[in-house]
Amino acid sequence: MAQACGSDPARFGEPACGSFIGFARHRSGLVRHDYLFRDVQLKPRWKPLEAILAALGGVSDDVRNLLEDDETAHRPPSIDIQYLFDNVIPGLLGASDTPFLQGRAFVFASQFASLLSPQLSGQYLDAAVTALGSPDVPIPVKISAVKTIKKCVYD
């Protein structure tokens with residue numbers, strides 16, 4: 001997908017990729033709003049957030065390239081992935097009442113491991129080790145946690 005989309009949103013060869021980046025920019029603001037102002041219970045609203053994380057993770061190479069281009073051109077980030085890392089993902093890593101979302105948070109962290117600060121990487125590694133050691137965490141979430149460990153430690 002990286003070659004099909006390129007790293008410059010103004011030069012995307014496929015309209016779908018350009019549209020997706022625009023969509024992701026818009027949805028990242030909605031994620032911020034939804035996360036900050038949601039009800040205490042996450043259960044009924046986890047599917048849209050999981051879908052957004054899956055979609056962004058699916059084009060993680062393009063998002064990283066776009067963020068690198070922004071940094072090189074001294075522009076503000078086109079997508080505020082850091083907000084997700086700092087404020088959304090940490091709370092989801094322990095969301096045992098929504099295992100699909102919890103697993104997606106681990107996978108998302110692994111897909112963007114190269115952008116994590118050492119402090120956040122350590123925090124995510126701790127959460128992954130905790131998930132692996134917990135008898136209450138389902139196997140699919142543990143597999144996602146292993147992916148996070150692999151990406152944060154070996155890549």
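Where a number appears in this text, it was derived from the coordinates with a stated rule and is not lab data. On a predicted model such as this, the values are computed, not experimentally measured, just so you know. FYI the Cβ positions are ideal-geometry reconstructions off the backbone, even for glycines, and counts take in every protein chain you see.
Scoring SER117 on the criteria (1) more than 21 Å from LEU49 (Cα to Cα); (2) surrounded by 13 or more Cβ atoms within 10 Å (Cβ to Cβ) leaves a single failure, condition (2).
Among the residues of segment 45-81, those that are among the aliphatic types (A, V, I, L, M), under 22 Å from THR148 (Cβ atoms) and not in a helix (DSSP H, G or I) comprise VAL59, ILE79. Restricting the search to segment 131-142, which residues are assigned to a helix (DSSP H, G or I), exposed (fewer than 15 other Cβ atoms within 10 Å of the Cβ) and in contact (Cβ under 8 Å) with a residue 24 or more places away in the chain? Matches in segment 131-142: PRO140 only. The residues in segment 82-101 that are assigned to a helix (DSSP H, G or I), polar (S, T, N, Q) and touching a residue at least 40 places away in the same chain (Cβ under 8 Å) can be counted, and the count is 1.
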